[in-house]
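The values are calculated or read from the model by the stated rules, or taken from the named source; none is laboratory data. Everything numeric here is computed off the predicted structure, so don't read it as measured data. Glycine gets a Cβ as well: all are built from the backbone with ideal geometry, and neighbour counts include every protein chain shown.
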Amino acid sequence: MAKYTPVIGMEVHVELKTASKMFCDSKNGMGEEREPNVNICPVCTGQPGTLPVPNVQAIEFVQLAGLALGCTLRLDSKFDRKNYFYPDLPKGYQISQYDQPLCEKGKLRIDGKEIGVTRIHLEEDTGKLIHPKGVNYTLVDFNRAGVPLMELVTEPDIETGEEARLFCQKLQQICRYLEISDADMEKGHMRCEANISLYKEGEDKLSGTKVEVKNINSFKFVEKAIAFEIERQTELLDKGKEIVQETRGWDANRGETVSQRKKESAHDYRYFPEPDIPPLKFDENYVEALRRKLPELPDAKIARFEKEYALPKSDVEILTADKEMAEYFEEVASEIKEKISCHEIEAAENKALKLAANYIITELRKHLSEHNHSMADIKITPENYAELVGLVACGKINSTAAQTVLAEMYKTGGDPSQIISEKNLAQMDGGDEMEAMVEKVLAANAASVADFKAGKENALKFLMGQVMSATQGRANPMAVNELLRKKLSGSTDVRSASGGKESGGKANPSAAMEMIKKKIT
């Protein structure tokens, strides 16, 4: 049993995808600006005499997040001033929320475990400091200053770095489903901070000294930073040393946390109500109207997909990880069902839906990754995708050909039937062409034929491989297997053995059989 138990609480900041900033009408560029200090005005740069005007959409976005996480929305809320000095904080204080946040007491479930959400509040983001290499000065970019920033604080319910990572990933997914933020950590839309302490068995859960690790910029680093900090604190306690309450940063290059400064407390910020913004008042009708705006959330979508499409949970979790991918699959599924009802697809619905899911999960996601695309970049219409799935399900093309067709469709958005025709990819289920290929392979591989006749079953696999290669993967493997066995056993029909068209079906049966025996001996 572990000597110490970790206690972890997360603070997650999410930049909201509003059109304008939090307290002014400057454009919210979400860090996408190519030039510094272009989306700024007197308000977000803290010029004297300016007054803040709250962004109604930002307030609504935070409340939607609160409802999605089961929070209680306060009917009375307010903004506060959080006073501290930092070069990228133009006013010398930040407009935030302290004792009356917009949302309180929610929860988020990960892998069957419930993580409590203490509060979700709204504030403005700071600017950004730039440190050019080789010079002894710092530049300030205020494009980000004043961007609406949602802050979520959890209960100390997390015990491992893995749990923290899963929590942050689930929160990102919910933000994207709500369309309130892209929550892209690499672009700084989402920033994570972890508060970590350890306690011994039998002691109070919160008896350990809390250390904050700030501004972690990837899910992988969230897990690694917490794991390192647990190990660091454990070693110090084992040596009888004290844990210093401080703020630390994650150094990805060194793979460790590093001390930054003494940890501030709430009284250090000298919070007081923002005098330039009146208190916020809401009523139950407003809350219910917001609740009706909630989309189907990830957990509900997962449960519905499992039931409606009879897919394994592992498949469903991948399909629903991205909202746009889930919507695309649903459109494809609708097309498949329609084509089955109209007999355009002669296959079982569950088989066709499983194929559709498989090709999205494997092939389509592969192309998206290779080209660094999102679902918005896809040229393949749901109708054409459903047609391709139907062709595979009905055995018109095999999986190898389907991958080739899908790759071409991804490039051009073309019609699958046309691509199959142009590239001669239709599956061979028999006929003269396949029979000729089989006979050619048998003639060229006498040793393998002899091995098979001697009882070596692997020889048949080799011969099948040769036929598949000769037909460029177009031959139906089951048909090839059957035809090879007939040829090798000598029990094939007369017309096939005698060359079919060449004999016009008039070949003498005994002569035809003798010809077969000659070819396989």
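On the basis of being polar (S, T, N, Q), surrounded by fewer than 21 Cβ atoms within 10 Å (Cβ to Cβ) and part of a strand (DSSP E or B), does Thr45 make the cut? Against the criterion (polar (S, T, N, Q), surrounded by fewer than 21 Cβ atoms within 10 Å (Cβ to Cβ) and part of a strand (DSSP E or B)), Thr45 does not qualify. Identify all residues within region 18-37 that are at pLDDT 95 or above and either in contact with a Gly (Cβ under 8 Å, 6 or more places away or on another chain) or not assigned by TED's automatic domain parsing to the domain that holds Leu89 (or both); write none if there are none. Those that are at pLDDT 95 or above and either in contact with a Gly (Cβ under 8 Å, 6 or more places away or on another chain) or not assigned by TED's automatic domain parsing to the domain that holds Leu89 (or both): Lys21, Met22, Phe23, Cys24, Ser26.
When Thr234, Thr247, Thr209 are checked against the criterion of being in a loop (DSSP other than H, G, I, E, B) and polar (S, T, N, Q), a single residue qualifies: Thr209.
Look at Leu388 and say whether it is of a type outside the set (Ser, Thr, Tyr), within 44 Å of the chain's Cα centre (by Cα) and either closer than 21 Å to Leu353 by Cα or not in a helix (DSSP H, G or I) (or both).
In short, yes.
How many residues are touching a Leu at 6+ places or on another chain (Cβ under 9 Å), within 30 Å of Glu327 (Cβ to Cβ) and either outside any helix (DSSP H, G or I) or not aromatic (Phe, Trp, Tyr) (or both) when one looks only at region 271-300? Counting residues in region 271-300 that are touching a Leu at 6+ places or on another chain (Cβ under 9 Å), within 30 Å of Glu327 (Cβ to Cβ) and either outside any helix (DSSP H, G or I) or not aromatic (Phe, Trp, Tyr) (or both) gives 7. Within the set Ile360, Ile345, the sole residue that is closer than 20 Å to Ser399 by Cα, buried (at least 18 other Cβ atoms within 10 Å of the Cβ) and touching a Cys at 6+ places or on another chain (Cβ under 7 Å) turns out to be Ile345. Taking region 91-130 as the range and being within 28 Å of the chain's Cα centre (by Cα), part of a strand (DSSP E or B) and of a type in the set (Gly, Ala, Ser) as the test, the residues that pass are Gly106, Gly116.
With respect to Phe79, determine if the residue is aromatic (Phe, Trp, Tyr), in the same structural domain as Thr118 (by TED's automatic domain parsing), under 30 Å from Gly161 (Cβ atoms) and surrounded by 22 or more Cβ atoms within 10 Å (Cβ to Cβ). Walk me through it before giving the result.
Working: aromatic (Phe, Trp, Tyr): yes; in the same structural domain as Thr118 (by TED's automatic domain parsing): yes; under 30 Å from Gly161 (Cβ atoms): no; surrounded by 22 or more Cβ atoms within 10 Å (Cβ to Cβ): yes.
The answer is no for Phe79.
Scanning region 180-201 finds no residues that are part of a helix (DSSP H, G or I) and within 30 Å of Arg291 (Cβ to Cβ).
Here's the yes/no breakdown for (1) without any contact (Cβ under 8 Å) to a residue 24 or more places away in the chain; (2) farther than 30 Å from Phe61 by Cα; (3) among the aromatic types (Phe, Trp, Tyr):
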| position | (1), (2), (3) |
| --- | --- |
| Leu294 | no, no, no |
| Ala321 | no, no, no |
| Lys337 | yes, yes, no |
| Glu344 | no, yes, no |
| Leu353 | no, yes, no |
| Ile361 | no, yes, no |
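Among the residues of region 83-95 satisfying the criterion of being touching a Lys or Arg at 6+ places or on another chain (Cβ under 8 Å) and touching a residue at least 60 places away in the same chain (Cβ under 8 Å), which is nearest to Pro279 (Cα to Cα)?
Taking the candidates together, the pick is Ile95.
Selection of region 399-415 for residues being crowded, with 20+ Cβ neighbours inside 10 Å and not aromatic (Phe, Trp, Tyr) yields Ala401, Ala402, Val405, Leu406, Met409. Within region 454-464, the set of residues being in a helix (DSSP H, G or I), of a type outside the set (S, T, N, Q) and at pLDDT 80 or above comprises Ala459, Leu460, Lys461, Phe462, Leu463.
Among the residues of region 324-342, those identified as surrounded by fewer than 19 Cβ atoms within 10 Å (Cβ to Cβ) and either small (Gly, Ala, Ser) or within 17 Å of Ile174 (Cβ to Cβ) (or both) are Glu324, Glu327, Ser334, Ser341. Evaluate the following for Ala450: is it more than 24 Å from Ala402 (Cβ to Cβ) and either surrounded by 16 or more Cβ atoms within 10 Å (Cβ to Cβ) or at pLDDT below 80 (or both)? No; evaluated as a whole, the condition is false for this residue. Return yes when Phe23 is crowded, with 19+ Cβ neighbours inside 10 Å, on the phi < 0 side of the Ramachandran plot and in a helix (DSSP H, G or I) and no when it is not. Spelling it out, it is not the case that Phe23 is crowded, with 19+ Cβ neighbours inside 10 Å, on the phi < 0 side of the Ramachandran plot and in a helix (DSSP H, G or I). For region 220-246, filtering for residues that are touching a Phe, Trp or Tyr at 6+ places or on another chain (Cβ under 7 Å), more than 14 Å from Ala194 (Cβ to Cβ) and not β-branched (Val, Ile, Thr) leaves 1.
Residue by residue, here is whether (1) touching a residue at least 40 places away in the same chain (Cβ under 8 Å); (2) surrounded by 15 or more Cβ atoms within 10 Å (Cβ to Cβ) holds:
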position: Glu114; (1), (2): yes, no
position: Pro132; (1), (2): no, no
position: Val135; (1), (2): no, no
position: Ala145; (1), (2): yes, yes
position: Glu151; (1), (2): yes, yes
position: Glu159; (1), (2): yes, yes
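Give the residue, chosen from Ser181, Ser197, that is closer than 19 Å to Lys323 by Cβ, touching a residue at least 60 places away in the same chain (Cβ under 8 Å) and hydroxyl-bearing (Ser, Thr, Tyr). The conditions single out Ser181. From the set of residues in region 416-447 that are under 19 Å from Tyr385 (Cβ atoms) and modelled with pLDDT of 80 or more, which is surrounded by the most Cβ atoms within 10 Å (Cβ to Cβ)? Residue satisfying both the conditions and the ranking: Pro416.
Looking across region 86-114, just one residue is in contact with a Leu (Cβ under 7 Å, 6 or more places away or on another chain) and on the phi > 0 side of the Ramachandran plot, and that is Asp111. Annotation: of all residues in region 212-229 being part of a strand (DSSP E or B) and aliphatic (A, V, I, L, M), the one that is modelled with the lowest pLDDT is Ile216. Of all the residues in region 141-176, those that are part of a loop (DSSP other than H, G, I, E, B), of a type in the set (D, E, K, R) and more than 16 Å from Asn215 (Cβ to Cβ) number 3.
If the condition is being more than 26 Å from the chain's Cα centre (by Cα) and of a type in the set (Ser, Thr, Tyr), then region 133-168 contributes Tyr137, Thr138.
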